[in-house]
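The values are calculated or read from the model by the stated rules, or taken from the named source; none is laboratory data. Worth saying up front: this structure is predicted, and the values here are computed from it rather than measured. Note that we place each Cβ from the backbone using ideal geometry, even for glycine, and neighbour counts take in every protein chain shown. Note: accessible area is taken over every heavy atom of the protein model, side chains too, but ligands, DNA and RNA are not part of it. Shrake-Rupley method; radii C 1.70, N 1.55, O 1.52, S 1.80 Å.
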Amino acid sequence: MNLPEDFLRRMEHLLGTEYVSWRDTYDQPAVQGIRINPAKLSPKEWEKLSPWNVRPVLWNRNGYYCEPDSHPSKDVYYYAGLYYIQEPSAMAPAAVLAPLPGQKVLDLCAAPGGKSTELGARLAGQGILIANDISASRAKALVKNLEMAGIANACVTAEKPQKLAETFGEYFDKILVDAPCSGEGMFRKEPDLIKSWQERGPEIYAPLQREILLQASRMLKPGGELVYSTCTFSLEEDEEVVDWFLNQAPEMELIPLVAWKGAAAGMDGKPVIRLFPHRVEGEGHFIAWFRKRGKWMKTDKKHQEPKRWMADVGNEFLEWEHFFAHPFDRARMMVKEEQIYLLPEEFDSSWRLRYLRTGLLLGSVKRGRFEPSQAMAMTIRPRDYAQTFSMKREDERVIRYLKGESIQLTEKEKFIKGWVLVCVEDFPLGWAKASGNGLKNKYYPGWRWQ
């Protein structure tokens, strides 16, 4: 790989005797990883189900290495949201932050969603995840990945950190800042980043990272935790940002990170984590873990109740809801521009933010008819919905369905008129509508098998 000479000189100074071993990794292919979705299945269940040989990633209980010929993006289990394709080192920050069910979590620089999908899954449907990216166009991919993962209690926003800090104050239990960076640690996996680095190096990103961290600290509760991560080797973007932040925010303290096998401590001896490709099976990454000093005291501020919109949803929604084992919480439902949402329990209607998604989109009311959403399909447990059609992974109709084709049914596979949840091995894929001897395909066109 043709790496810039000034970058190589700096890495030789940084690594010393390890430089040659590090440089040799750029003549080797990058490893491939997937992170299974704990909202859908456990690691043990995946190991029994996996169609390929997989090996666990040391630093994330949900991570696995895949063989080079496994092609996880072209498998039906990917479309069922069972896993997210993620570079193994990038699995570390969310594992360090490790939110618990019921907590309030912010992913401040979230697109395209690799870390948000794990944070959301770890909440297990309780609490709230605010997944933000300043770029609305990038945040669209974030919406899709959260919906595919079946995360119902997330709000996707596209705001500057300062606007979020002014809105939330000291609100969050845990915050992830996977900051924009020069990307040095990803050159092997994404060679196009080299040109970007030559145009916008560490000196451009470091001031931005500092400002983002400072705003993030304003939104953290006393006693709350914050993880700062980058995919760069630059001291200027890593240890020097940590030093600056601790100096500017004296209420913050480092939580020592114990290096796992292959991981390195900070270049200045700080108890942070550095991942180098010659030491671990993965690309370059940096992680620092902080806590805000003090004890959080509950305030008297009351969040506003979401409006009750039930009278506007229509009879077809009620007919569709009838197929569920349990009705939806009416107090959390909202209708906006003919779309029906189920808001997270912690949602506050006083937040004035630019949303791309508020909670779970249940579906839309069109010409007096209700159409359930693709996002809704991905959150359902099949045992909770009366009309479910599940196919084996080898059934050729699975691929046909994902391509948008109708499904032909056998004599034993009959449904009453209405919406049918289509699954593979009891994992939801999307919707179809019962029609005679078949199912009319309602799989979302933007997600179809290519």
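Here are a few things to note about the model shown:
- Top positive-direction residue, dipole computed over the stretch 1-105 with Cβ charges, set Y77, A39, A94: A39
- Per residue, the Cα convex hull of the stretch 192-257 amounts to 97 Å³.
- Helix 5-15 and the long axis of the chain differ in direction by around 80°, with both axes built from C-alpha atoms.
- Highest average packing first - 71-84, 88-101, 330-343, 406-419, Cβ atoms within 10 Å: 88-101, 71-84, 330-343, 406-419
- Net charge, I399 excluded, C-beta distance under 11 Å - Lys, Arg +1, Asp, Glu -1: +1
- Simple label model, 7 Å out from Cα along Cβ direction - I204 to R393, nm: 4.3
- Taking 0.36 nm per residue of separation and subtracting the current Cα-Cα distance, fully stretching the chain between D69 and D24 would add 13.9 nm.
- Based on DSSP H segments of at least four residues, each scored -39500 (n - 2.57), the chain has a per-residue ellipticity at 222 nm of -7000 deg cm²/dmol.
- Principal-axis tilt of helix 202-218 within the chain, Cα atoms, nearest 10 degrees: 60
- Carbon/sulfur fraction of accessible area - the stretch 360-450, other protein chains in place, 1.4 Å, %: 45
- Fraction of accessible area attributable to carbon and sulfur, the stretch 59-214 (%, probe 1.4 Å): 51
- For the chain, the longest principal axis of the alpha carbon atoms and the long axis of helix 136-148 meet at an angle near 60°.
- Counting only aspartates and glutamates at least 8 places from K115 when in the same chain, those with an alpha carbon closer than 12 Å to its own are E87, D107, D178.
- A simple packing score, the average count of other Cβ atoms within 10 Å per residue, orders the peptides 184-190, 381-387 as 184-190, 381-387, with the highest score first.
- Taking 7 Å steps out from each Cα toward its Cβ at E45 and T17 produces label points 4.9 nm apart.
- With both residues required to sit in the chain, DSSP beta bridges show an antiparallel share near 70%.
- Kirkwood radius and radius of gyration were both taken over the C-alpha atoms of the stretch 45-186, and their ratio Rg/Rh is 0.97.
- The alpha-carbon positions of the stretch 45-107 define a convex hull whose volume is 116 Å³ per residue.
- Label separation (E281 vs A325): 3.8 nm, computed from points 7 Å beyond Cα along the C-beta direction.
- For the chain, the solvent-accessible area with a 1.4 angstrom probe is 46 square angstrom per residue.
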